[in-house]
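Heads up: the structure comes next, in structure tokens.
The values are calculated or read from the model by the stated rules, or taken from the named source; none is laboratory data. The structure displayed is predicted, hence computed values, not measured ones. Virtual Cβ from ideal backbone geometry, glycine too; neighbours counted across all protein chains shown. These area figures cover heavy atoms from the full protein model, side chains too; ligands, DNA and RNA do not enter into them. Shrake-Rupley method; radii C 1.70, N 1.55, O 1.52, S 1.80 Å.
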Amino acid sequence: MIVKEGTAVEKKRTREGFGKALAELGRDHPNVVVLTADVKGSVNVNYFADEFPSRFFNCGVAEQNMCDVAAGLSLAGKIAFIATYGCFASTRCLDMIRTTVCYANLNVKIVGSHGGLLTGPDGASHQALEELGLMRVLPNMKVMIPCDFWEAKRATRAAAATPGPCYLRLSRESIPVLTSEDSPFTLGKGVVMRQGGDVALVACGVMVSEALSAAEMLAKDGIDARVINIHTVKPIDSELLIKAAADCGAIVTAEEHQVHCGLGSAVAEVLVRSLPVPMEFIGVNDSFGMSGEGYELLTKYGLRDTNIASAAKKVIERKRR
Amino acid sequence: MLVEAKSGHTGGPLSCTDFATTLYFNVLNHDPKNPKHPDRDYVVYSIGHVTPVNYSLLAECGYFPLRDLMTFRKLGTHLQGHPSYLDTPGVEASTGSLGQGLSISLGIALGLRMDGKPNRVYCIMGDAEHQEGATWEAVMAAANFKVDNLCAVLDLNNAQIDGRMEEIMNIHPIADKYRAFRWNVIEIDGHDVLQILDAYRRAMSTKGSPTVIIAHTKMGRGVSFMEGDYKWHGNPPSPEQGEKALSELGTTYGIWSKRLRES
Ligand SMILES: Cc1ncc(C[n+]2csc(CCOP(=O)(O)OP(=O)(O)O)c2C)c(N)n1
């Protein structure tokens, strides 16, 4: 699959997929409740709110209260989804998530929209770039980051179906649609999007589309890249990663997130224990975001297909040494 | 600048314009050519998203050229979507995450008091961030520490992102709440310049407690098709709407462009 800017690739929003799936869940599960913090439309819980007003709570600009109210609702037997921008959902609520939600393994689903640089002109304050790491280190937490609209729907259903806390990262901007309505999905299982044996490009979220495009670029140079979509950063699919390391002998990870503590770190943690191979990390290198258009920022921060392709060549060099 | 940026917040900045302009031009002790002047008064925008009024005033005062406003929110600009302490002269704190500005202001006020300095601290607040628990921690602490060099200005425009504040999560009776916390409370029409000036003066002469000026304002003030409509919280006007808005505010895009070019 070739995904290039300017070509007629269908693009849709993952937050929209989440919102649609949430309304569907509402129909099937009377105990699903939804809370937001004055960003109903931006995180697309408006569909659920319109259909199930009595199961919807707009808490106002009060994320910490929202998180603990959701904890209480889960103690009263509900499946509680809280949804706001990723930076507030994660960092603002961190103590509540850690000590109240995760410690007691409560059925609270934390949805962080506007993840990553694609949040765009609002700037650093609104671009969540550390939440995959922050959530990943919490016991009992599961962390998902869908690569497209359809996967966001599936991840939303999986979140509801899996007991305990879960974090779902969504993005503001439309991103390429890579999967279809009936693609399979298992929480914790990665997806091989493209076969290849020279290098494995392990990506999540919007970076899956960039990795696929990088693989096409590499193919022109005679390099056969495998592309793996890790939609669940925790629990991570160790088996698939170890197989990729064994088959390809070199790995590039790509995430719209700080390189520290996110997907790349999670992959490295698996591989250093069992099958260390040369690795390169594409991500934000220990800096804050800034204002700009979403894709402009991906380019500025070196998160594009071209960057992945160069990293792939570099890591292949290292494997030959 | 909002038309040019194609994103950003319009309604809130317009409700703040009258009291914020009065603050910069009639009240503040500051030196735009020396933004870190040790004798300056501080302004902290707890509502980071009102950068259009924040940056416009800084530019009008001379902290940086007016033409910079046209780079707002674009790649490489020093005028970030939300205030960035390290990027923009005159910005005293990085904000954008609501409900933190009053605590920051309190810290500055305490620091100034420790040093025996007369500088004052102004904190621009929104109504909806009074839904954040952190705001009330700061309200309690400021009264407890009796900081009278701190003046909060509350833009009470009854609007937030999802609707009318009173309908989403009512913060009223807000004046009584501040009084119960032992603040000096001054309620004014936030678009009446004489009342605004008088309020700042009364705040300055208050001893032993912090002051909150509760400014009753209108979202989108001065632009007929924006006034009172919460939907203008986070949207920029189209070029046509921008032209119409400017003409209602007594200027034109042409006059503006000329000023920018000459700046
Ligand atoms: C902690 C936090 N939560 C949520 C947001 C997103 N947000 C930005 S502005 C806003 C509403 C603010 O309402 P108000 O201060 O009354 O602004 P107005 O609509 O009057 O401009 C929200 C929820 C934020 N910036 N920070």
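Looking at A:G222, A:G190, A:G197, which one is in contact with a Ser or Thr (Cβ under 9 Å, 6 or more places away or on another chain), of a type outside the set (A, V, I, L, M) and either open to solvent by 10 Å² or more (accessible area, probe 1.4 Å) or under 14 Å from A:D148 (Cβ atoms) (or both)? Let's see the steps before the verdict.
Working: A:G222 fails: in contact with a Ser or Thr (Cβ under 9 Å, 6 or more places away or on another chain); A:G197 fails: in contact with a Ser or Thr (Cβ under 9 Å, 6 or more places away or on another chain).
When all the criteria are applied, what remains is A:G190.
State which residue pairs qualify: first residue part of a helix (DSSP H, G or I) and inside segment A:194-209, second residue of a type in the set (D, E) in any location, beta carbons under 8 Å apart, and separation of 6 or more residues or different chains.
A:M207/A:E255; A:M207/A:E256; A:V208/A:D148; A:S209/A:D148
Which number in (1) closer than 23 Å to A:C87 by Cα; (2) open to solvent by 10 Å² or more (accessible area, probe 1.4 Å) marks the one condition that A:G283 misses?
Going through (1) closer than 23 Å to A:C87 by Cα; (2) open to solvent by 10 Å² or more (accessible area, probe 1.4 Å) one by one, A:G283 breaks only (2).
B:T51 is checked against (1) hydroxyl-bearing (S, T, Y); (2) within 10 Å of chain A (Cβ to nearest Cβ); (3) in a loop (DSSP other than H, G, I, E, B) and fails just one. What number does that condition carry?
(3)
Being away from chain B (no Cβ under 14 Å), of a type in the set (G, A, S), open to solvent by 10 Å² or more (accessible area, probe 1.4 Å) and not in a loop (DSSP other than H, G, I, E, B) is true for just one of A:G26, A:G72. Which residue is that?
On the way: A:G26 fails: open to solvent by 10 Å² or more (accessible area, probe 1.4 Å).
Answer to the selection: A:G72.
If you go through segment A:87-102 one residue at a time, do you hit one that is away from the ligand (no atom under 16 Å from the Cβ), open to solvent by 10 Å² or more (accessible area, probe 1.4 Å), not in a helix (DSSP H, G or I) and not small (G, A, S)?
Initially, segment A:87-102 is screened for residues away from the ligand (no atom under 16 Å from the Cβ), giving A:98-102.
Narrowing further to those that are open to solvent by 10 Å² or more (accessible area, probe 1.4 Å): A:98-100.
Add one more test, that the residue is not in a helix (DSSP H, G or I), and what stays is none.
Taking every residue of segment A:87-102 in turn, none turns out to be away from the ligand (no atom under 16 Å from the Cβ), open to solvent by 10 Å² or more (accessible area, probe 1.4 Å), not in a helix (DSSP H, G or I) and not small (G, A, S).
Take residues that are among the β-branched types (V, I, T) and open to solvent by less than 20 Å² (accessible area, probe 1.4 Å) and tell me which of the helices (runs of 4 or more DSSP H) falling wholly in segment B:115-222 contain 1 or more. Outline the logic, then answer.
Values: elements: B:133-144, B:165-168, B:174-180, B:193-204.
Where helices (runs of 4 or more DSSP H) fall fully within segment B:115-222 and carry at least 1 residues being among the β-branched types (V, I, T) and open to solvent by less than 20 Å² (accessible area, probe 1.4 Å), they are B:133-144, B:174-180, B:193-204.
Could you give every pair whose Cβ atoms fall below 6 Å, whose first residue belongs to segment A:250-264 and is open to solvent by less than 10 Å² (accessible area, probe 1.4 Å), and whose second residue is of a type in the set (S, T, N, Q) and assigned to a strand (DSSP E or B), counting only separations of at least 6 or pairs across chains?
Listed by first residue and then by second, the contacts come to A:L263/A:T253; A:G264/A:T253.
Which one is farthest from the other protein chains (Cβ to nearest Cβ), of the residues in segment B:3-48 that are outside any loop (DSSP other than H, G, I, E, B) and more than 24 Å from B:I196 (Cβ to Cβ)?
By that ranking, first place goes to B:V3.
From A:N65, A:N105, A:N31, A:N46, grab the single residue that is on the phi > 0 side of the Ramachandran plot and surrounded by fewer than 22 Cβ atoms within 10 Å (Cβ to Cβ). Full working, then the answer.
Numbers: A:N65 fails: on the phi > 0 side of the Ramachandran plot; A:N31 fails: on the phi > 0 side of the Ramachandran plot; A:N46 fails: on the phi > 0 side of the Ramachandran plot.
That would be A:N105, the only listed residue that is on the phi > 0 side of the Ramachandran plot and surrounded by fewer than 22 Cβ atoms within 10 Å (Cβ to Cβ).
Could you list, in sequence order, all residues of segment B:62-91 that are surrounded by fewer than 23 Cβ atoms within 10 Å (Cβ to Cβ) and under 15 Å from the mean Cα position of the chain (by Cα)?
Matches in segment B:62-91: B:G90 only.
Taking segment A:286-310 on its own, how many of its residues are surrounded by fewer than 22 Cβ atoms within 10 Å (Cβ to Cβ) and among the small types (G, A, S)?
Residues flagged as surrounded by fewer than 22 Cβ atoms within 10 Å (Cβ to Cβ) and among the small types (G, A, S) within segment A:286-310 amount to 4.
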